[in-house]
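What follows is a set of notes on a single structure, which appears directly below.
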Amino acid sequence: MKNMENIDAREIRRKLSMNQQQFWSKLGVTQSGGSRYESGRNMPRPVQQLLRLVHVEQIDISKVRREDFEVIEFLKSQNPELFKSLKKQARSKVKKAA
């Protein structure tokens, strides 16, 4: 997992060729709030994590549901070997698609 404290939100936004409104609205942050973070104001940890998920990991958070996490946590605790195997298969599939 990447350390978000060393990642520059402005740099990520520019690499994605997005304006502030486009970039920050995907995280539920106003353009003015995002501008403050880009200017050096401390970014709260939840915003850092959302930034990582949405713009670094490229996860569409609008598709993530609570029950997805419940299933994951259940599988991890009840059958960790199956969880590891499925995780490995999913990563392999993503790498082949890239």
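What number of residues within segment 48-98 are under 19 Å from the mean Cα position of the chain (by Cα), under 26 Å from R13 (Cα atoms), surrounded by fewer than 10 Cβ atoms within 10 Å (Cβ to Cβ) and not basic (K, R)?
5
Mind telling me which of the residues L50, L75, L82, L86 ends up being touching a residue at least 12 places away in the same chain (Cβ under 8 Å) and in a helix (DSSP H, G or I)?
L50
FYI, it's all coordinate maths here, none of it is from the lab. Values in this document were obtained by computation on a predicted structure and should not be read as measured data. Counting neighbours? That spans all protein chains shown, and the Cβs are built from the backbone with ideal geometry, glycine included.
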